Amino acid sequence: MARLLVAVVNELSYRALVWLTYRLAASVALGLPLVLLIWSAWRREPVVQRLLGLYWKVASLMGISLLLLTDERPLGYVTALVAPVLMVVSVWFWVDLNEELADQPPWRPLPLTVRLWRWALSGFGVISLVMTATGLRCMQSQSSPDCSAWLEAPQGIHRGVETVFDFVFGGQWTEAVAAFVGYVALVAYLAGLLQWLLVRLPRYGRVAGEF
């Protein structure tokens, strides 16, 4: 009986940590950068707009992970592990953008918020990396309750999208369709990443320019 109680507590604790990771992603990796993007467009801050434009390109891998996990595809656990690492790198990597942000007056609200967000995103990246690393074991078997915790949020989002898709288009947005779209998007993502690694990075280095 005691062992069963410990197992239940551990299961609930792990599920709470998984949901904490998803909630942090929704706020720090999605909500706040979206607000910053709108704010920078309103204030006409080109350096912040360029930084966030690059960030959203990289962060699309998180959306791809959700599509793959909707249909319980094992590759989704790998992309979920890699996504936060690339997202954190994307906001610190560019030398010219870092210099332009450093030249901004420290008391201005938008540049200050961007600086704070980058550090918050870095903290989220560490938490997400640790948590998603524990989910890699689900690539072998997804029948355990721990693995089910990783699938709850993607499948919950899927049900909402399915309802909207059926209402707007009168068609079915199934788990298989979501996974197919995820695979296609992943191929396009990898093609863009390889093009940047093999062509643009050797040529321009850590200078974002107009990229």
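The values are calculated or read from the model by the stated rules, or taken from the named source; none is laboratory data. What you see is a predicted model; the values in this text were computed from it and never measured. Neighbour counts are summed over all protein chains in view; Cβ atoms, including those assigned to glycine, are modelled from backbone coordinates with ideal geometry.
Taken across the range 150-162, residues that are more than 20 Å from the chain's Cα centre (by Cα), part of a helix (DSSP H, G or I) and modelled with pLDDT under 85 do occur, with at least one present. Criterion applied to 133, 208 was being small (Gly, Ala, Ser) and part of a helix (DSSP H, G or I), and the one residue passing it is 133. Residue pairs whose Cβ atoms lie under 7 Å apart, separated by 6 or more positions or on different chains, with the first residue in the range 18-35 and closer than 18 Å to residue 112 by Cα and of a type in the set (Ser, Thr, Tyr) and the second at pLDDT 95 or above and surrounded by 20 or more Cβ atoms within 10 Å (Cβ to Cβ), do not occur.
Return yes when residue 199 is farther than 30 Å from residue 13 by Cβ and either out of contact with any Cys (no Cβ under 7 Å at 6 or more places or on another chain) or not in a helix (DSSP H, G or I) (or both) and no when it is not. When the stated conditions are applied, residue 199 passes them. For the range 199-210, the condition of being closer than 19 Å to residue 57 by Cα, out of contact with any strand residue (DSSP E or B) (no Cβ under 7 Å at 6 or more places or on another chain) and surrounded by 17 or more Cβ atoms within 10 Å (Cβ to Cβ) holds for at least one residue.
In this structure, is residue 51 more than 23 Å from residue 189 (Cα to Cα), in contact with a helix residue (DSSP H, G or I) (Cβ under 7 Å, 6 or more places away or on another chain) and touching a residue at least 40 places away in the same chain (Cβ under 8 Å)? Spelling it out, it is not the case that residue 51 is more than 23 Å from residue 189 (Cα to Cα), in contact with a helix residue (DSSP H, G or I) (Cβ under 7 Å, 6 or more places away or on another chain) and touching a residue at least 40 places away in the same chain (Cβ under 8 Å). Does residue 133 satisfy the criteria of being in contact (Cβ under 8 Å) with a residue 12 or more places away in the chain, of a type in the set (Gly, Ala, Ser) and farther than 20 Å from residue 53 by Cβ? Judged against the criteria, residue 133 is a match. Checked against the criterion of being more than 16 Å from residue 67 (Cβ to Cβ) and touching a residue at least 40 places away in the same chain (Cβ under 8 Å), the range 191-205 contains one or more residues that satisfy it. The helices (runs of 4 or more DSSP H) found wholly in the range 1-120 and carrying at least 3 residues that are small (Gly, Ala, Ser) and buried (at least 20 other Cβ atoms within 10 Å of the Cβ) occupy 75-92.
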